[in-house]
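Colleague: Following this message is one structure expressed as structure tokens.
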Amino acid sequence: MKPSARYGRMAVVLHWIAALLIIALLATGWYMVGTAKNTPERAFFFNLHKSLGITTAFVIVTLIVWRIMHAAPALPTTMPRWERTAAVLSHRLFYVFMLLVTLAGYLTSSFSKYGPKLFGIPLPQWGWEDAALRGNFAAVHRLAALVFAVLIAIHVAAALKHLLVDKDSVFQRMLPG
Ligand code: HEM
Ligand code: HEM
């Protein structure tokens, strides 16, 4: 398949939906763990976070299937080779983290008495009530979310460098239109 100069409309739409959901998940995740236990506020944010997280899982799977079926546009040869390699590797790493963080979150919920829920609808619980296992999955979820956030910050900085410094239209090819 011949790569086109920019991402297709579907890839762009999925990228921005996933990006917004992931930023909302980082924000709600960090906020909710600081709320007082056994309060309606905490229950609200935990349910919102879990529901958004499960919605994101569907978007991520669609994104991955779409990406397997459609090659990414080739990066401009004006970019140094190491930058092109770093871009390809970091994008692959993103897909790994999207799956890892989501899976660890789902497992954290599965080993808690509350279980995974999608806007009030209980979903298959892949475990049982077990505080120690829940704690282990929560630790993996927390660490993976933190590393993911650092990678996203680097990704955004790189995107802005393309827009403002390199001016090589790499940023624009992920914009609609
Ligand atoms: C890309 C997807 C996700 C991201 C970026 C994300 C992010 C986060 C963050 C930043 C925290 C706070 C961690 C801390 O500092 O203690 C958190 C906590 C949590 N997340 Fe997620 N999350 C995602 C998906 C999910 C999913 C799918 C579920 C479950 C269905 C989930 C369930 C939880 C739970 C139960 C906690 C609390 C863990 C604890 O008690 O320490 N998350 N998440
Ligand atoms: C917040 C979570 C985000 C995630 C998880 C994410 C993930 C990704 C992934 C996986 C790709 C590669 C697509 C592929 O070829 O398979 C990509 C490309 C891109 N992203 Fe993001 N992104 C996020 C946020 C952002 C933000 C906030 C910006 C802009 C400031 C941005 C700008 C771009 C651009 C310009 C590209 C195209 C790079 C290229 O042409 O190679 N992303 N993103």
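Colleague: If I take R0 = 45 Å and measure r between the Cβ atoms of W16 and L133 in this structure, what FRET efficiency does the formula 1/(1 + (r/R0)^6) give, to the nearest 0.05? Intermediate results must be reported in sequence, preceding the final value.
Modeller: Working: r = 35 Å, r/R0 = 0.78.
FRET efficiency, W16 to L133: 0.80.
Colleague: Write down the Kirkwood hydrodynamic radius of the chain, to one decimal in angstroms, obtained as one divided by the mean of 1/r over all alpha carbon pairs.
Modeller: Details: mean 1/r = 0.0561 Å⁻¹.
One decimal place: 17.8 Å for the Kirkwood radius.
Colleague: If r is the Cβ-Cβ distance from F44 to V140 and R0 is 22 Å, what FRET efficiency results, to the nearest 0.05?
Modeller: On the way: r = 25 Å, r/R0 = 1.13.
My answer for the efficiency is 0.35.
Colleague: Could you work out [θ]222 nm for the chain from helices alone, using -39500 (n - 2.57) per DSSP H run of at least four and dividing by all its residues? Round to the nearest 500 deg cm²/dmol.
Modeller: On the way: 4 runs with 115 residues, N = 177.
Theoretical 222 nm ellipticity from helices: -23500 deg cm²/dmol.
Colleague: Turning to a different aspect of this structure: Can you send over the carbon and sulfur percentage of the accessible area for region 9-174, probe radius 1.4 Å, protein chains only?
Modeller: Values: 7560 of 10170 Å².
Whole-percent figure for carbon plus sulfur exposure: 74.
Colleague: Ignoring ligands, DNA and RNA, what accessible area per residue does the chain give at 1.4 Å, in Å²?
Modeller: On the way: 11160 Å² over 177 residues.
About 63 Å² of surface per residue is accessible.
Colleague: Sticking with this structure for a sec: If I fit a long axis through the Cα atoms of helix 81-110 and take the longest principal axis of the Cα atoms of the chain, what angle between them do I get, 0 to 90°, rounded to 10?
Modeller: 20 degrees
Colleague: Along the three principal axes, how long is region 105-147 when you take its alpha carbons, biggest first, rounded to the nearest angstrom?
Modeller: Cα extents, longest axis first: 30, 21, 12 Å.
Colleague: Got the relative contact order for region 9-174 handy, in percent, Cα pairs under 8 Å and 6 or more residues apart? Each step should come with its number before you reach the end.
Modeller: Working: 136 pairs, mean separation 34.0, N = 166.
For region 9-174, the relative contact order is 20 percent.
Colleague: Can I ask one more? Determine, for each peptide in 131-140, 156-165, the mean count of other beta carbons within 10 angstrom over its residues, then list the peptides with the highest first. Numbers along the way, then the final one.
Modeller: Values: 131-140: 14.6, 156-165: 12.9.
Put in order of decreasing packing, that is 131-140, 156-165.
Colleague: Could you state how much accessible area K113 has, in square angstrom rounded to the nearest 10, with a 1.4 Å probe and all protein chains kept in place?
Modeller: 130 Å²
Colleague: Which value, in Å to one decimal place, does the Kirkwood hydrodynamic radius take for region 28-90 when every pair of different Cα atoms is included? Can you show the working numbers first?
Modeller: Details: mean 1/r = 0.0659 Å⁻¹.
Here the Kirkwood hydrodynamic radius works out to 15.2 Å.
Colleague: Using a 1.4 Å probe and ignoring any ligands, DNA or RNA, find the accessible area of F94 and quote it in Å² to the nearest 10.
Modeller: So the heavy atoms of F94 present about 20 Å² to solvent.
Colleague: Now, a different point. So, in nm, how far is label R84 from label L99 when the simple model puts each one 7 Å beyond its Cα toward the Cβ?
Modeller: Placing both labels 7 Å beyond Cα along the Cβ direction yields 2.6 nm.
Colleague: Here's a follow-up. Taking the chain as the reference, fit the longest principal axis to its C-alpha atoms, fit the long axis of helix 9-32 to the helix C-alpha atoms, and give the angle between the two in degrees, 0 to 90, nearest 10.
Modeller: 40 degrees
The values are calculated or read from the model by the stated rules, or taken from the named source; none is laboratory data. What you see is a predicted model; the values in this text were computed from it and never measured. Because the Cβ atoms are built from the backbone with ideal geometry, glycine has one as well, and the counts that use them run over all protein chains shown. Just so you know, the surface numbers come from the protein's heavy atoms only, side chains and all, with ligands and any DNA or RNA stripped out. Shrake-Rupley method; radii C 1.70, N 1.55, O 1.52, S 1.80 Å.
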